[in-house]
1. Once amide H atoms are built 1.01 Å from N in the peptide plane, which residues 5 or more positions from residue 164, or in another chain, come under 5 Å H to H?
2. Taking 8 Å as the Cα distance limit and 6 or more residues as the minimum spacing, I'd like the relative contact order of the range 90-238 as a percentage.
3. Quick one: what are the phi-derived ³J(HN,Hα) couplings along the range 127-134, Karplus 6.51/-1.76/1.60 with θ = phi - 60°, whole Hz, x for glycine and proline?
4. Pairs of Cα atoms under 8 Å, at least six residues apart: use those to get the relative contact order of the chain, whole percent.
5. Starting from the Cα-Cα distance between residue 154 and residue 65, subtract it from 0.36 nm times their residue separation and give me the gain in nm to one decimal.
6. Apply 1/(1 + (r/R0)^6) to the Cβ-Cβ distance of residue 32 and residue 180, taking R0 = 22 Å, and write down the FRET efficiency to the nearest 0.05.
7. For residue 193, what residues show an amide H to amide H distance below 5 Å, using hydrogens built from the backbone and excluding near sequence neighbours?
8. Find me the longest stretch of the chain that has none of the exposed GluC sites (Glu not before Pro), where exposed means in a DSSP loop (not H, G, I, E or B) with at most 14 other Cβ atoms within 10 Å.
Amino acid sequence: MLVTGGAGYIGSVLVPALLAEGYSVTVLDSFLYGQSTLLDCCADERFEVIRGDCRDERKLGPACRDADVLIPLAALVGAPICDQDQVAARTVNLEAIRLLLSLRSPRQRIIFPCTNSGYGVGEKEKFCTEESPLRPVSLYGTTKVEAEKAILESGNSLSLRLATVFGLSPRMRLDLLVNDFVYRAVNDRTVVVFEGHFKRNYLHVRDVARAMIHALSNFDSLKGGPYNVGLSDANLSKLELCAEIRKQLPGFVYLEAPVGKDPDQRDYLVSNEKIERTGFRPRHSLQAGIAELIKGYRILKNVKYGNA
Ligand SMILES: NC(=O)c1ccc[n+]([C@@H]2O[C@H](COP(=O)([O-])OP(=O)(O)OC[C@H]3O[C@@H](n4cnc5c(N)ncnc54)[C@H](O)[C@@H]3O)[C@@H](O)[C@H]2O)c1
């Protein structure tokens, strides 16, 4: 199978998990962040890696030709980076998906990771299901939702609408909400929270990999639509998330102040019933993820600019 963006935060956990399940995996990634993940996969004969841009037909064409499954993870991920480089956001998140669809044969299955960040708009009081309209506000959200639509329309595909992912990965992202708050709690002992009552939903990065493997193993019965994936017992507001962190770091102080605004105005309750009915349940709780992050941040430390 082909995993584009396989050297990213999710891919660096997913690809070893796929290899462990016995799949052969080719990764196409531009290694945009200078990351050196996946080195531990290189000894595996079933692993192949191509350094290249997913928008480049000369790279994408040969990479996807013999794949039975396509998992396009490559993207500029998150509203801030998409605003920084809007042309790249459109070409990587959307045009490269259209290119992939034009190159792909109908027998090749596609599993796509989408964001659920558009659900919040206009649906605040009720549980959002896959039928609720997705109305993302940010460029990141709109490119992902358009890409999902194109992929689902093309058939033999499914999409996983992921909650905000947390947990350690060899390509760590400190810009994700839980990862960010725990990092600040460990290193600064304080966070200033904006829109503290906005409800969000969360999912461990290893459960993303498990959900993808579940989708692969049950593809024929699951294909044809989107699935929300998240922890159903963790639809928590940002302030409730801080309270969970404080249970493990009692010295943590958090304050609320209007210092920012979420570009997608995410404030929503999400139902994961559809995927749960197919037998999938996340295994990693938010509390276990917080404990894991606290441990990991003893390893990840900024020791470059300062003496102590
Ligand atoms: N992390 C989350 O909370 C979350 C939630 C929902 C959906 N997703 C989706 O999951 C996917 C992976 O996200 P992530 O958190 O691992 O992000 P990430 O930024 O860590 O990974 C993206 C990867 O894509 C690669 N890449 C970027 N531009 C490329 C290009 N032009 N050609 C080839 N490779 C390129 C990067 O080098 C990186 O390895 C994305 O499609 C994202 O939209 C993530």
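The values are calculated or read from the model by the stated rules, or taken from the named source; none is laboratory data. Note that this is a predicted model, so its numbers are computed, not measured. With ideal geometry, Cβ positions are generated from the backbone for all residues, glycine too; neighbour counts draw on all protein chains shown. Each accessible area value is taken on the protein alone, full model and side chains, heavy atoms only, with ligands, DNA and RNA left out. Shrake-Rupley method; radii C 1.70, N 1.55, O 1.52, S 1.80 Å.
1. 201, 202, 203
2. Once divided by the residue count of the range 90-238, the mean separation gives 27 percent.
3. Each residue of the range 127-134 in turn: 6, 7, 10, 5, 7, 5, x, 9 Hz.
4. It rounds to 19 percent for the chain.
5. In short, 30.3 nm is gained.
6. The calculated FRET efficiency here is 0.65.
7. Amide H to amide H, under 5 Å and 5 or more residues apart or across chains, residue 193 pairs with 255, 256, 257.
8. The longest such stretch corresponds to 132-308.
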